[in-house]
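Let me begin by presenting the structure, written as C-alpha cells, before commenting on it.
The values are calculated or read from the model by the stated rules, or taken from the named source; none is laboratory data. Computed from a predicted model, the values in this text were never measured in an experiment. A quick note on method: Cβ atoms are made from the backbone with ideal geometry, for glycine too, and the neighbour counts reach across all protein chains shown. Accessible surface is based on the protein model in full, side chains and every heavy atom, while ligands, DNA and RNA are left aside. Shrake-Rupley method; radii C 1.70, N 1.55, O 1.52, S 1.80 Å.
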Amino acid sequence: MTDAIETDETVDARNLMCPMPVLAATKAMRLLEPGQVLKVLATDKGALSDIPAWADDNGHDLFISGTEEDAMVFYVRKGADL
Amino acid sequence: MTMELPAPEHVALGEEDVRRIVREEVQRAFSKDPASRRAAIIASKGTLDWAYPPLILATAAAAAGMQTAVFFTFYGLNIIHKDAARKLKVDPVGNPAMPMPVPMPDLVTAMPGMVSLASKMMKSRFAKHNVASIATLLDSARELDVRLIGCQMTIDVFGYSHDDFIDGVEFGGAAAFMSTARRSHVTIFV
C-alpha cells in the first residue's frame, strides 16, 4: 500500500519509548524543507496519538498512517514554518 | 444572466452560525497568541522516578514547537548535576505504588541497601523497555533548545557551584522564571 510513496527521509524509532519517537522525528524534520516527506516507523503504542498531535502542533501534514511489518508507519509532509 | 442574490436582511444568522463564527475567531486569536507556544516547567524533586516527568514533558513540548524552560530548584538540582547518574535514586519507603516482586512492608524497604536495590531495579526495568536514560533526555533537551535553569538560591544553600552542573545550564531566580511563566500558557510543577 505504501510502497509507492516517495520519502525524503526515514526515522526508524522502532523499540524507542515515549518521548523518543517524537524527538527523533523532530530532529529529522529540522533538516527537511517544507513539502518534503518524512517517514516515521514506531512501535511505542503512545506514538499512535503522539505523532498525529506532534504533526498538528507543528503544522505538518500527516497524510498516511498504517502498519508495516509489526510497526506503525506515519508519512508526514513538512509544513511551512509557523 | 445574473442570479439574484438575496437581500442582506434575508441572510439571518442562526444560533449555530454565531457559535461557529465565535469558535473560529477564538481559535484564530489563540493560534496567534505567543503564550500558546511557550512552556514553563518546574522540577523540584531529586529522585530518579521524579527526574523523568519534567524532562519528558519538556522535550515533548519542544518537539511540539514550543519555547520551553525548565527551572530546577531544591532537590531538582540533582537532575542537572554532573554527578546525576550517581545522585538520582529511587526511594521505596512509603511508596505503595511502586511495583515490587513481592509485597514489602515499610519496615523492610527502610532497611540499608534497599534504596540502591530499588534504584537498580528501576534502571534495569527502564533499560529493558528501551526508556531513554536521564542523560539522553538531557542531551535531547539541549539539542531542542530547552532552557535549563538552575535555581541560584538553592545552589547557594546546598553549597553547590556553577561548575557542578552540566554544560548549557543557565542560572537564575524565581522572579526571572516567573517572567517566563506568565507568558506561557503551559506551566507545570513537578
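What do you reckon, is A:Val22 away from chain B (no Cβ under 12 Å) and crowded, with 17+ Cβ neighbours inside 10 Å?
On the way: away from chain B (no Cβ under 12 Å): no; crowded, with 17+ Cβ neighbours inside 10 Å: yes.
No, not satisfied.
Residues of the range B:140-169 that are in a helix (DSSP H, G or I), closer than 21 Å to A:Arg30 by Cβ, open to solvent by 60 Å² or more (accessible area, probe 1.4 Å) and not acidic (Asp, Glu): B:Arg142 alone.
Every residue in the range B:170-190 that is open to solvent by 60 Å² or more (accessible area, probe 1.4 Å) and not aliphatic (A, V, I, L, M), please. The answer is B:Glu170, B:Phe171, B:Arg182, B:Arg183, B:His185, B:Thr187, B:Phe189. Within the range B:9-33, the set of residues being open to solvent by 100 Å² or more (accessible area, probe 1.4 Å) and either part of a helix (DSSP H, G or I) or in contact with a His (Cβ under 7 Å, 6 or more places away or on another chain) (or both) comprises B:Glu9, B:His10, B:Glu15, B:Glu16, B:Arg19, B:Arg23, B:Gln27, B:Arg28, B:Phe30, B:Lys32. Only one entry of A:Asn58, A:Asn15 meets the criterion of being within 14 Å of chain B (Cβ to nearest Cβ), at positive phi, touching a residue at least 12 places away in the same chain (Cβ under 8 Å) and not small (Gly, Ala, Ser), and that entry is A:Asn15. Taking the listed residues B:Ala127, B:Ala132, the one that is exposed (fewer than 12 other Cβ atoms within 10 Å of the Cβ) and closer than 14 Å to B:Tyr52 by Cβ is B:Ala127, with no other qualifying. The set of residues in the range B:68-97 being open to solvent by 80 Å² or more (accessible area, probe 1.4 Å) and touching a residue at least 40 places away in the same chain (Cβ under 8 Å) consists of B:Phe74, B:Lys82, B:Ala85, B:Lys89. The set of residues from the range A:64-82 being at pLDDT 95 or above and within 25 Å of B:Arg28 (Cβ to Cβ) comprises A:Val76, A:Arg77, A:Lys78.
The listed residues are B:Val146, B:Val169, and the only one of them that is touching a strand residue (DSSP E or B) at 6+ places or on another chain (Cβ under 6 Å), at negative phi and within 14 Å of chain A (Cβ to nearest Cβ) turns out to be B:Val146. If we scan the range A:59-73, do we find a residue that is within 27 Å of B:Leu138 (Cα to Cα), part of a loop (DSSP other than H, G, I, E, B) and over 12 Å from the mean Cα position of the chain (by Cα)? Yes, the range A:59-73 has at least one match. Within the range B:6-60, being farther than 13 Å from B:Val190 by Cβ and among the hydroxyl-bearing types (Ser, Thr, Tyr) holds for B:Ser31, B:Ser36, B:Thr59.
Filter the range A:26-50 down to residues that are part of a loop (DSSP other than H, G, I, E, B) and under 20 Å from B:Ser140 (Cβ atoms) and give me whichever is most open to solvent (accessible area, probe 1.4 Å). Explain how you work it out, then say what you get.
Within the range A:26-50, the first condition is being part of a loop (DSSP other than H, G, I, E, B), and the residues that meet it are A:31-36, A:43-46.
Still in the list and also under 20 Å from B:Ser140 (Cβ atoms): A:31-32, A:43-44, A:46.
Working: A:Leu31: 145, A:Leu32: 16, A:Thr43: 51, A:Asp44: 22, A:Gly46: 26 Å².
Step by step, filter the range A:26-50, then rank; the result is A:Leu31.
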